[in-house]
Each structure stands twice: as structure tokens, then as C-alpha cells.
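Peer 1: My questions will all concern the structure given below.
Bear in mind that the values in this text are calculations on the coordinates, not laboratory data. Note that the coordinates shown come from a computational prediction; the quantities given were computed from them, not determined experimentally. When we count neighbours, we look across all protein chains shown, and the Cβ atoms used for this are built from the backbone with ideal geometry, even at glycine.
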Amino acid sequence: MRIRRVFVALTVAVVVSILFLSIYQTGQHENILRVTTTTSLYNTGLLDKLAEEFKQMHPDVSVQFIAIGSGEALRRAAQGDADMVLSHAPNLEKRYLDDGTLKPGKIFAYNYFIIVGPSDDPANVTGMSPIEAMAAIYTAGERGRAIFVSRADNSGTHNRELMLWSLASVNPSGKTWYLELGADMALTLMVANEKKAYTLSDVGTYLKFSDKLGELKPLVERGDALINIYSVYVVNPVKVPGVNEKLAEVFMRFITSEEGQKIIENYGIDEFGKPLFNAARGDPTGELKNVWESMAKLG
Amino acid sequence: MWQEVAEVVARSLLISGTATMLAAFWSIPVAMILTAKESEFRRVLLDLTNTLVAIPTVLVGLVLYLLLSRSGPLGFLGILYTPTSIVIGEAVLITPLIVSLSASVLRETRAGIWEMAVSIGATERQALVTMVTESLPRLMSVILIGFNRAIGELGVALMLGGNIKGLTRVMTTAIALEVSKGEFEFALALGGVLLFVTFLVTAIVRKVGKTA
Amino acid sequence: MIELKRVSFAYANEDIIRDVNLTFGPGVTVVIGPNGSGKTTLLKLAAAIYRPRVGEVLIDGVNTWSAPETVRVSVRRNVVYVHEKPIMLRGSVADNVAYGLRIRNVPDDEVATRTEEALEALGIKHLAHEKAQTLSAGQQQKVALARALAVRPKNLLLDEPIASLDKSGREIFMELLREMVRKEVCVAMATHDRLLALQLMGRTIVVENKTATLIENPERIS
């Protein structure tokens, strides 16, 4: 009968496809390393580059990056769906360290957040310290002369922005000039460009997009409060069962090794003429750690 | 780079194709049951199905993520961040759509074909079989619509697949990634490829359906 | 013979047919009545396609709806209802005509001969390999009639059977009808065609105001 043939054909097709798909996921669990990472880091291409180099040494290992906001990256790790987290949100990281989800990690890179804004700079923040700049934007906003666009997505960048407002002792929440997008960095920059607004950005995404951001320019680029610290954590197998701790440790050692650090500090020179990241090189002075601590407390 | 694109295209077709077949596999029998008899209960179920057609893809993704997460009830399967999880997610996503559209196709056929079959002496079963075989060309279009929704959706693929390079990166997640990297031109090109491939599949299925 | 006893039928909570007692057959029964009066519903009830809300439908003496499905199917196989708008399956005319035989698991060679006979009887043998769904309304009506004839039913219920037939088609149809009567097939047909009704001079059922009455003497209808 015709319908039975159709039914059989369908069954066969489904079974065959699932078998075929399962070929994709061969390779033992021990050889798969799952890393949830902040989008801004992944989108620069640095991680694929690191994974490529790592694969030369460990050809049977598959490093899989899941690029999401820092908040989600940490949350997914806590759910047991990652072996390793790359994050740049000290206050959030602290929370997961305190509850034992993450083992103490390592700072492997840093760069600076930048405050970008319209080239005519209506709030006159050029040359100010980051915290003075935020206060100036707030004042200008209240006078109807400036707009600020916030990512409002619990990402590392968003958390830093909130920290800067609180360091400046102002609270823009709910103001008409304060636009909370709930969007990634790329879209946030595009919106800021359209609205001639100020925003906080990581340097990598800004450089990638700068050719599309004719109305904007970086106004404040230095200052301790803008240090953007990237840390790597192995998920704690005691708290979260099933973590591939061994492989995670190996990859962490690679990232923080001389070789890994060289890749990091040279990355971006080809494309932008200057590197996107500074290697932490074990943070010999302990200065990065201090900044990290103070930020974790502020969150 | 274009080799990678080809790979992503093939993966998208395979994943969404499997998801569509899987969804058709259970949706059409459900639609048959829902249209077999008129009753208040079935009408409510159909209304519910029609409502679920509007479900946001991210929501389906989130619910399934919580189920498939290692700490979730189905975590032991270990299929999160694999193509299989996207297959399941997309199949679930398009189920209401296929049920709803098949139900309306079958209800129309029922009024005519089913009655004719019964009136000429078919058993309930034979009438049902005739009804489905007669509806096949239109059910085929329904399945195609399901496929197009599956291959074009982003939320489930992103949430359950994780957009892992070489493993779960499909066309939509690749496009989203290129957009967030600022590679708008490349993203547009990928979008063109997606539409072209979808068009091709539609055309081929229609051609095959006509000769069958 | 089909008997309806105290039959009521409702659609969407509203009675369309109420408390009808009727017998179709022997011979030809004509069902007349205004548009939308329920002629089609009445025939579909008699064909055991619709299930009455209350009442009994007896086909050749068997109470259709209280019988188990196997019994119901076997009695129903003695009844064929032909829709006013012919319903064609995908596939050829021959496939359509053979359909009733195939579901009865008639052997292949017999299917072929009976299909051919039926096509011949309606003068559409030349259409055997055409796609049924692409034919004109009149041709489709002939296919539907051929499909009904092929299964050799004891009871034949026709809904506006000649509405889309041309003059020669009607002549063929009248010839077939005489043949049916000779073979003691019980025929009931709904029609608008007063001429046809008079021509047949059979028993006439008038459907009106949700009820149906048998009029033994059709000349009295004005």
C-alpha cells in the first residue's frame, strides 16, 4: 500500500540522517573541550587562532567555543554545560568563584574599554578620566545635550558600564536620554552611531566596526577604571559533575604559556596595525589582580 | 573560506532536513487524529496548536536547553551542543506549524475524499489511507514550509547548538556571527546563499512531487 | 431497501432533519424540495455516511449504527452515494472507476473487466487514461456514475445526477436507470429537475421544513 511505503521511507530517512549526524559527534568525551566565552573575545577571531595552534600540538582534541555574553557564559558553566569559561566581568566571576562553581582562574589578557561618542563631543569628555567622563555625560544628558546607549544585557561590558556610573555616583537608570538596548556590542555601536550617542565599547569590536561608525570616535581610552581584564577559569568538577578538568587545565596552561601569550599580544597587528590585547604574562607586579579585586568588590 | 561555507550549507540542509522529517513523522498522524472527528476537545487542541505556531524560537531553545543541559533532566544524553540537539529543537519548533497546516489540509480533504471513499464502501481505515494519499501533494508543500522555517530559524540553533565552528555552525548562526563581527557584506552573501538553497530545495521537491 | 426510523440529524446544535420515517425502494424514489431543504443530508443519512442524532437507519434490514464496524462496512458496501459535485481522486479515470473494486479486494483481472464495462456503459471508454481531476464537470459526473456502477450496488443514491450532463448524457443516464430497475436495484435520487421527476413517475419524497414526506401520487405535487 502506498501510504505504508511512504511511512517506511520516512522512517528510514530519519534513522539514516540521525546515524549520519551522530558521525559528527564521534570522538570521545575526553577529547572534547567546551568553552563558553564572551562574544567580544570570540568575534575578534583570537580564539579560533589559539585553538588552531593548540590543535597542532594536540591533534585529537576538539576545542569548541560557545560565544555568548559573559553573564550567560558563566550561567551555562554553572549548569554543567562547559568545561571552561573565558570572561571579562570580575563582579560576576567573583559570584561564581564564591559559590564554588569555578576553580580559581588566571588572568591571561587585558586591554581597555573605550568611551566612544559623537565627534563634536557635546559633553566635553575628551581628556577626562573615565569617571569624570561618565559624570559629565550624566550632566549633559540631564540638560538634554547627550544620549547614552547601554547594552543592558548583563555582559562584561554592561557590568563595567554600571560600575563606572556608580563610581561617578550617578544613576542614569530610567532617564529618557539613557537607552537600554539589550543588544550585543555590534548593534549597540550601530545604534550609538545613528543616534550620535555615547557608549562604552571593547576596543576589538570598535576597531572592527570603525569603518561603519562615521559619527563616532573614541574619546576616553585610558584609565584604571577602563582596564578590561580577561580571565580563564576551569569549572570545578566537585561542584559541577562531568567537567573535563584535565583537558581544561591543559588548554589553560597553553593560553598562559609563553607561546600562547605571544599569539595574544600579536593578534590584530595584521588587520588593524596594532594589537588588540596585551598579554598578562602572569601579572608579575600583581597590579592586574589588584584591579580585578577592586572591581569584583564594586560589582 | 568557501569550502567552509559549503560545509555550513550542507550541515544546515542535513540538520533541518532531518528535523523536518522527524516533525512530519509525528505531526501528520497527530493532525489526522485531530481532524478525524469533530469535538470540542479537539477544537481546543487545534486552537492551542495554532497559538503555538507563534512561539518564539528562543523560547523553544531555552526550554530545550534547560532539559538537555548537563544539570537538566535529559542531561545524561549528552547531546547539548551537537547537531542532534538542533535537530530535536527544530523538530519541536516546527511541530505546531506542520500539525496546524496539515490539519487544515486534511480537514478539507475529509469533507470530500473521505466521504466519497466511505460512500463507495471503504472501511474507516481505507478511507483514512485514501484521504492521506490524496492529500500527499499538499502535505508535501506543508512539509516544505516546515523545512523553510527550520532552516531559516536562529534561536534554537544558537541556543542548543552553540554555533560551534565545524560542528554546529549552520547558515543562520553563521550569518548572525558575521553581523556581530561587522562583516555585513559577507553576512549578506550568506543570506543570499541561504535563500538560494531554500529556493532550490523547494523547486526540486515540487518537481519530484509532480512526477510521483 | 433503506429504512429511516424516527431519524433526526443536527449540525452545529441545530436540527436539519427532524423525526423522519421513510423507506427508499423498491424501485426508483425521487427526492425533491427547495434548495437547502436537506435533500443531500437525507441521502447521506440513508447512505450511512452521516450518523443520525437519534433514530435508526436500516440498510437491507440491518440497523447500521448499532452494528459493529465490520458489519456496517459490509452492509454499506451494498449502498453507493454519488455526490452532486463529483469527487475525483488523483490518477486516471480508470483508477477512479476501479477504486471501489480495489478496496473490496476484487482480483485484478476482474477489476479490469468490470472497470471497462462501467466505462463502456457511460460512453467514456476513450477517457480511461485521462487524469480525472482535469476533466469537465459533465465528464467527471459520468466517471462518478461509472465508479458507482462498477461495484454493482443493491442501493444507489444519486445527488443531482444529471445536473451537469448534456442531452446525450441524459439519454445514457435514463437508459442506465431502466437497466437498474430491471435488475431490481433500489435507486433514490435528489433532483431539481421536475421533468425528470415526472418522467420517472416513481415514488416521490418531498423534503421541506426539516421533515420529509412520501407522496405516493406524484401528480398531486403542484
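Peer 1: Got a sec to turn the phi values of the stretch C:5-12 into Karplus ³J(HN,Hα) couplings, 6.51 cos²θ - 1.76 cosθ + 1.60 with θ = phi - 60°, whole Hz, x for Gly and Pro?
Peer 2: For the stretch C:5-12, the Karplus curve yields 10, 6, 8, 10, 9, 10, 10, 6 Hz.
Peer 1: Let me spell out the model: positive unit charges on the Cβ of Lys and Arg, negative unit charges on the Cβ of Asp and Glu, origin at the Cα centre of the protein assembly as shown. What dipole size does that give, in debye rounded to 20?
Peer 2: So the magnitude is around 2120 debye.
Peer 1: Here are some pairs, A:274/B:181; A:49/A:262; A:239/B:165; which of them have Cα atoms lying more than 21 Å apart in this structure?
Peer 2: Those over the limit are A:239/B:165.
Peer 1: For residue A:208, list the aspartates and glutamates whose Cα falls under 12 Å from its own Cα; do not include residues on the same chain fewer than 8 positions away.
Peer 2: The qualifying aspartates and glutamates are A:271, B:178, B:183.
Peer 1: Taking only DSSP H segments of four or more residues, each worth -39500 (n - 2.57), what value at 222 nm results for the protein assembly as shown once the sum is divided by all its residues, to the nearest 500 deg cm²/dmol?
Peer 2: Helix-only estimate at 222 nm: -16500 deg cm²/dmol.
Peer 1: For the stretch C:104-191, run through the trypsin sites (Lys or Arg not before Pro) and keep only the ones in DSSP coil with at most 10 other Cβ atoms within 10 Å of their Cβ.
Peer 2: Sites meeting the loop and neighbour criteria: C:183.
Peer 1: Take the Cβ-Cβ distance between residue C:112 and residue C:208 as r, set R0 to 41 Å, and report the resulting FRET efficiency rounded to the nearest 0.05.
Peer 2: 0.35
Peer 1: Could you list the GluC sites (Glu not before Pro) in the stretch C:137-196 that lie in coil according to DSSP, counting only those with at most 14 other Cβ atoms within 10 Å of their Cβ?
Peer 2: C:184
Peer 1: Next up: Over 19 Å between C-alpha atoms is what I'm after, so list which of C:44/C:154; B:37/C:5; A:175/A:195 land there.
Peer 2: Pairs exceeding the cut-off: B:37/C:5.
Peer 1: Tell me, what is the FRET efficiency for residue A:246 and residue A:297 to the nearest 0.05, using R0 = 41 angstrom and their Cβ-Cβ distance as r?
Peer 2: With R0 = 41 Å, the Cβ-Cβ based efficiency is 0.80.
Peer 1: A further question follows. Could you work out, residue by residue across B:110-119, how many beta carbons of other chains sit within 10 Å of that residue's beta carbon, and then give the average as an integer?
Peer 2: The shielding value for this peptide is 6.
Peer 1: For the stretch A:108-238, with the dipole built from +1 on Lys and Arg beta-carbon atoms and -1 on Asp and Glu ones, taken about the Cα centre, which of A:154, A:179, A:223 lies farthest toward the positive end?
Peer 2: A:179
Peer 1: Using DSSP to define loop residues, name the GluC sites (Glu not before Pro) in the stretch B:1-105 whose beta-carbon has at most 11 other beta-carbon atoms within 10 Å.
Peer 2: When the GluC sites (Glu not before Pro) of the stretch B:1-105 are filtered for loop state and at most 11 Cβ neighbours within 10 Å, B:38 remain.
Peer 1: Once whole DSSP H runs in chain A are found, which of them have Cα atoms spread over 24 Å or more along the helix axis and a mean Kyte-Doolittle score of at least 1.6?
Peer 2: A:2-24
Peer 1: Have a look at the DSSP beta bridges in the stretch C:86-222 and tell me what percent are antiparallel, nearest 5.
Peer 2: Antiparallel bridges: around 55 percent, rounded to the nearest 5.
Peer 1: Let me ask something additional. Taking chain C as a Gaussian network, where each spring joins two C-alpha atoms under 10 Å apart, which residue of C:192, C:126, C:83 fluctuates the most?
Peer 2: Ranking C:192, C:126, C:83 by mean-square fluctuation puts C:126 first.
Peer 1: Further, regarding this structure: Once both axes come from the Cα atoms, what is the angle between helix B:83-109 and the longest principal axis of chain B, in degrees from 0 to 90, rounded to 10?
Peer 2: The angle comes out at about 30 degrees.
Peer 1: Same structure again: Could you work out how far helix B:171-180 tilts from the main Cα principal axis of chain B, as a 0 to 90 degree angle to the nearest 10?
Peer 2: Long axis of B:171-180 versus the principal axis of chain B: about 40 degrees.
Peer 1: If you average the C-alpha positions of the stretch A:109-124 and of the stretch A:136-166 separately, how far apart do those two centres end up, in angstrom?
Peer 2: Taking the Cα centre of each part, the stretch A:109-124 and the stretch A:136-166 sit 12 Å apart.
Peer 1: Round to a whole angstrom and tell me the spacing of the C-alpha centers of the stretch A:215-258 and the stretch A:47-98.
Peer 2: Spelled out, the Cα-based centre of one part sits 8 Å from the other.
Peer 1: Now for a different question. Can you tell me which aspartates and glutamates have their Cα less than 18 Å from the Cα of residue A:297? Leave out same-chain residues fewer than eight positions away.
Peer 2: Leaving aside aspartates and glutamates fewer than 8 places away in the same chain, those within reach of residue A:297 are A:93, A:98, A:99, A:161, A:224, A:287.
Peer 1: Using the 10 angstrom Cβ neighbour count as an exposure proxy, how do C:127, A:41 rank, fewest first?
Peer 2: C:127, A:41
Peer 1: Please rank A:62, C:66, A:155, fewest neighbouring Cβ atoms within 10 Å first, as an exposure proxy.
Peer 2: C:66, A:62, A:155
Peer 1: A follow-up question, please. What is the magnitude of the charge dipole of chain C about its Cα centre, with +1 placed on the Cβ of each Lys and Arg, -1 on the Cβ of each Asp and Glu, and no other charges, expressed in debye to the nearest 20?
Peer 2: 340 debye
Peer 1: Let me ask something additional. Along the charge dipole of the stretch C:58-208, Cβ charges K/R +1 and D/E -1, which of C:151, C:64, C:127 sits furthest on the positive end?
Peer 2: It is C:64, whose Cα lies furthest towards the positive end.
Peer 1: Only counting other Cβ atoms within 10 Å, I'd like B:201, B:170 sorted with the fewest neighbours first.
Peer 2: With the fewest neighbours first, B:201, B:170 line up as B:201, B:170.
Peer 1: Based on the alpha-carbon gyration tensor of the stretch C:83-130 and its eigenvalue square roots a ≥ b ≥ c, which shape applies: rounded if a/c is under 1.5, prolate if not and a/b is larger than b/c, or oblate?
Peer 2: It is oblate, given that a/c is not under 1.5 and a/b is not larger than b/c.
Peer 1: Under a 10 Å cutoff between Cα atoms, tell me which one of A:58, A:158, A:88 has the largest fluctuation in the Gaussian network model of chain A.
Peer 2: The residue that fluctuates most here is A:58.
Peer 1: Which of C:198, C:156, C:119 moves the most in a Gaussian network model of chain C with Cα springs under 10 Å?
Peer 2: C:198
Peer 1: Relative to the Cα centre, what is the charge dipole magnitude of the stretch C:65-123, using +1 at the beta carbon of each Lys and Arg, -1 at the beta carbon of each Asp and Glu, and rounding to the nearest 20 debye?
Peer 2: 400 debye
Peer 1: Modelling each spin label as a point 7 Å along the Cα-to-Cβ direction, I'd like the residue A:48/residue C:179 distance in nm, to one decimal.
Peer 2: It is 7.6 nm.
Peer 1: Can I ask one more? Which value in nm describes the separation of the simple spin-label points at residue C:62 and residue C:102, placed 7 Å from the Cα toward the beta carbon?
Peer 2: According to this spin-label approximation, the distance is 2.4 nm.
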